[in-house]
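No lab work stands behind these numbers, since they all come straight from the coordinates. None of the values given here were measured: they were computed from a predicted structure. As a convention, Cβ positions derive from the backbone with ideal geometry for all residues, glycine included, and neighbour counts pool all protein chains shown.
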Amino acid sequence: MPPIPARSTRRRPAPAPRARAALVSALAAVALSSGLTAAAPPAPAQAAIGPVTWSDEFNGAAGTSIDPGKWKFDIGGSGWGNNEQQYYTNSTSNVSHDGQGHLAITARRDNPAGYQCHYGTCQYTSGRILTADRFAQTYGRFEASIKIPKGQGIWPAFWMLGGGNWPTTGEIDIMENVGKEPRTVYGTVHGPGYSGAEGIGGSRTIGAPLSDAFHTYRVDWSPGQIVWFLDGTEFHRITPANLGGDPWVFDHNFFMILNVAVGGYWPGYPDATTVFPQTMLVDYVRVSAWTGDGGSALRSAFSGRCIDIPAANPVDGARLQMWDCNGTNAQQWTATGDGTMRAMGKCMDPAGGALGNGTPIQLVTCNGNPVQRFTLYAGGELRNVSANRCVDVKDWNSANGAQLQLWDCAGTNNQKWTVA
């Protein structure tokens, strides 16, 4: 894996928590008697979390290495884009089970094999493991119970990458701590336009050092929203609205990473107060499925059928259609905080970005373009905000497979929708 550019050394202030509301409540908030100006943008829904899809409980015998079916090692002393000082090894001296139900990732002031780092002969060894090529998932709950190490220059992390070229494919930092701030956990995202020092994140500071006990660190991740928790209490959330117009790149598979770095631009470097070895103990890592976020079907007042993704196939450019309402995810639509209407992790979109009469309605990757904003009004109109036109059942076709288009809003039943 190529070196990863620097993670944030400065943090933007955390935005205030946003209201949570599902599509039904967003619709109800619109005054029946008012015109278009009365419709408030719907807010993101709380993620719906399903069964555990992957876990490691770290119940191996003392001194044994990681499960190679679940994890692999990053190895080397390149500095990893952050001027880190450690050499990551695959030795059980740095990564092993402790025999008490934990994984131990240990940073040591040693160099047993003459390792060379970017600055010369390495002074430290440590461990970095990842699920790349073993497991990745889009959306859901990613959680670990961790007792972090401590000390000036020590930098433990539980985080995720989207693969491919960083930062284009994104980074989600579930937990980071730097030893000089022993009571503070950081949660951050990085992407194009907000990489490196421009990561967007929040933090929480508690009354005792995080290294004193095990704590649970988690994100709940759903389309258009990531929420961070410490010990079950939310401390930060972001939506595309927090990115200042930069692209949201968090609608695809991410894999997980656990590591303990030594030194770097952000944490600073070990000094006379830093005691080695320092060990991060991980009790478990668990991933749960995302099962939808309170989405609802949109039923036509004309045909009684629902807006549907054909063949439940969420590929870019799939033309939306009308089909018998069946309760599947292909018919579950959520109005999110950035004004988009989403199903199966993608956005309702006017084909080609066109806004004229007859423009087909399709499903594509959410890209932050304002033309993807749709608002459902209390009178039943589903209106594209940029075009100021309505989603319309083409040719008054009442059959399964009828196509959708943009058309001048006329108040007719083929332009009226109810939440089913």
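Summary table below
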quantity: FRET efficiency, 1/(1 + (r/R0)^6) with R0 56 Å, evaluated for Asp133 and Arg109 via beta carbons; calculated: 0.95
quantity: For the stretch 48-290, alpha-carbon Rg and Dmax in angstrom; calculated: 17.0, 50
quantity: Percentage, to the nearest whole number, of Cα pairs in the stretch 184-276 over 18 Å apart; calculated: 57
quantity: Sequence of Leu210, Leu103, Leu130 once ranked by neighbouring C-beta atoms within 10 Å, starting from the fewest; calculated: Leu130, Leu210, Leu103
quantity: Selection from Phe254, Cys122, Trp290, by position along the positive dipole direction of the chain (Cβ); calculated: Trp290
quantity: Cα-based Rg of the chain normalised by 2.2 N^0.38 Å, two decimals; calculated: 1.11
quantity: Ascending count of other beta-carbon atoms within 10 Å, so fewest first, for Cys122, Cys325; calculated: Cys325, Cys122
quantity: Over the stretch 48-290, relative contact order from alpha-carbon pairs under 8 Å, at least 6 apart, %; calculated: 30
quantity: Per-selection Rg to Rh, the stretch 140-226 - Cα, Kirkwood hydrodynamic radius; calculated: 0.98
quantity: Residue order, fewest to most beta carbons within 10 Å, for Val282, Val262; calculated: Val282, Val262
quantity: Value of [θ]222 nm, deg cm²/dmol, for the chain, DSSP H segments ≥ 4, -39500 (n - 2.57) each, nearest 500; calculated: -500 deg cm²/dmol
quantity: Contact order relative to length of the chain, as percent, for alpha carbon pairs under 8 angstrom and 6 or more apart; calculated: 19
quantity: All lysines inside 29 Å of Lys394 as judged from Cα atoms, apart from same-chain residues fewer than 8 positions distant; calculated: Lys346, Lys416
quantity: Length gained when the stretch Gln403-Ala378 is fully extended (0.36 nm per residue, less Cα-Cα span); calculated: 6.7 nm
quantity: Lysines whose Cα lies under 20 Å from that of Lys150, excluding same-chain neighbours fewer than 8 positions away; calculated: Lys180
quantity: Globularity ratio of the stretch 298-419, using Cα Rg and 2.2 N^0.38 Å; calculated: 0.92
